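Bear in mind that the values in this text are calculations on the coordinates, not laboratory data. Just so it is clear, the structure is predicted and the values come from calculations on it, not from any experiment. Here the Cβ is made from the backbone with ideal geometry for all residues, glycine too, and neighbour counts use every protein chain on show.
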Amino acid sequence: MQFRLAPFAALESSSRGRSFTESGPGHRSEYQRDRDRIIHSSAFRRLEYKTQVFVNHEGDLFRTRLTHSLEVAQIARTIARTLGLHEDLTEAISLAHDLGHTPFGHAGQDALNACMQDFGGFEHNLQSLRVVDKLEDKYAEFAGLNLCFETREGILKHCTRKRARKLGELGQRFLDKTQPSLEAQLANLADEIAYNNHDVDDGLRAGLLSNELMCEAELFRRHYEAVMAKYPKLPENRVRHEVIRRMINELVNDLITFSQAQLESAAPESIDAVRQLSKPLISFSPDMRRDNTQLKRLLHKHLYDHPRVYRMTSKARRVIKELFDALHADPKLLPPDFHLNFQTASERKAEKGGARVVADYIAGMTDRYALHEYERLFNPRRTD
Ligand code: MG
């Protein structure tokens, strides 16, 4: 087992640094310091009460965005260490990648984006960057968390060309169609491994999916059959866990082996050589990509579009829209600090007036806070 950094890793000596120059991080690496700032942010703590598929109050066993982010970091770190990439940077990106998510998962994001159509739109990925760059505003000497370029580069997974033009150095790769660091590429795929597998787990546990149904996906079927052949009398919860751990293991091994081969043949000499490439070097093998897509499609069809999930997401969309409309029309309903920001933004016509401030406020809400706020605003019997 090797722990040395490869030449193509994000070496601290080749970092593009922080916007605001700071003294060295002492006994930590620069990326450890980034990770620590992310963990100490309030947006990170709020991930505990935000969900992806299931709404937070549906059950305590389901993944939240916090446990999801920890699973992403855990998977990504293992792979980073094996490939000689910077484990601390990989961890920082993984823990920060979902900070900009709205309450109620993708339904919330779609609803907020629709509300913001005339005001520049809303995109959770861009919002994650906005959280670390601007909204976590509590340090004495700088705005936001003042993270390293490489961490911010990893957080910004995708971006439209229009937006990219406004982001300077950080947006350039979307205009040039080049790649981010290998650590960023890795965190992105670790995200996929984590959510596909935990959604299968949560879906089976909630009774919305079944083993029979999941066997339509090759990846699930081969591990399910192997587990049943070896342990025919195993109780259901252990079967589920055994199949999922084997799926994660196969995905991780495939990603390591295929990426290792690609790295050997491309042999990039530095992070900047990686950044000039038109294709990512961290990827699954073609066969695994096919299996992964099949699994994803199945999850879409049977879980994300399940009537029970749909009913909840439809409610969530309404909550977000009504909150936005009410707060945007009457900003005095906002908490005092947001109200002040709304007034300043409207006067300066900054970021399309106050709409962005309302979007920041709503995006920062947890599932339960959004429901609570909805009650307070629209239930006339509530006096608080
Ligand atoms: Mg994620």
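Here is how the numbers come out for the structure above:
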{"read-out": "FRET E, pair Arg318, Asp384, Förster distance 25 Å, beta-carbon r, rounded to 0.05", "value": "0.70"}
{"read-out": "Positive-end extreme of charge dipole, segment 102-176 - chosen from Phe119, Leu175, Val131 (charges on Cβ)", "value": "Leu175"}
{"read-out": "Cut-off 10 Å between beta-carbons: net charge of the residues surrounding Phe258, Lys and Arg +1, Asp and Glu -1", "value": "-1"}
{"read-out": "Relative contact order for segment 301-384, counting Cα pairs under 8 Å that sit 6 or more residues apart, in percent", "value": "23 percent"}
{"read-out": "Taking the chain and dividing mean pair separation by its residue count, relative contact order in percent (alpha carbons under 8 Å, at least six apart)", "value": "22 percent"}
{"read-out": "Overall form of segment 13-139 per C-alpha gyration tensor (a/c, 1.5; a/b vs b/c)", "value": "oblate"}
{"read-out": "Tail weight of P(r) past 40 Å, computed on alpha-carbon pairs of the chain, percent", "value": "18 percent"}
{"read-out": "Binned Cα-Cα distances of segment 1-51, short to long, each 5 Å bin given as a whole percent", "value": "4, 14, 19, 20, 16, 13, 11, 3"}
{"read-out": "Global geometry of segment 296-384, whether rounded, prolate or oblate, following the gyration tensor of its Cα atoms and the 1.5 cut on a/c", "value": "oblate"}
{"read-out": "Segment 302-377, dipole about Cα centre (Lys/Arg Cβ +1, Asp/Glu Cβ -1), debye to the nearest 20", "value": "240 debye"}
{"read-out": "Extent along principal axes [Cα atoms of segment 124-254; Å; largest to smallest]", "value": "61, 34, 24"}
{"read-out": "By average C-beta atoms within 10 angstrom, highest first, the peptides 179-186, 298-305", "value": "179-186, 298-305"}
{"read-out": "Added length on full extension, which subtracts the Cα-Cα distance from 0.36 nm per residue, Arg16 to Arg221", "value": "69.3 nm"}
{"read-out": "Sites Arg311 and Thr178, calculated FRET efficiency, Cβ-Cβ separation with R0 35 Å, nearest 0.05", "value": "0.25"}
{"read-out": "Theoretical FRET efficiency, 1/(1+(r/R0)^6), r = Cβ-Cβ of His241 and Ser23, R0 45 Å, to 0.05", "value": "0.45"}
{"read-out": "Whether segment 152-227 is rounded, prolate or oblate, judged on the alpha carbon gyration tensor where a/c under 1.5 counts as rounded", "value": "prolate"}
{"read-out": "Long-range amide H partners of Cys148 with built H, under 5 Å", "value": "none"}
{"read-out": "Length-normalised contact order of segment 223-358 in % [C-alpha pairs under 8 Å, at least 6 apart]", "value": "13 percent"}
{"read-out": "Per-peptide average of other Cβ atoms within 10 Å, ordering 12-20, 88-96 highest first", "value": "88-96, 12-20"}
{"read-out": "Theoretical ellipticity at 222 nm over the chain - DSSP helices of four or more residues, -39500 (n - 2.57) apiece, nearest 500", "value": "-18000 deg cm²/dmol"}
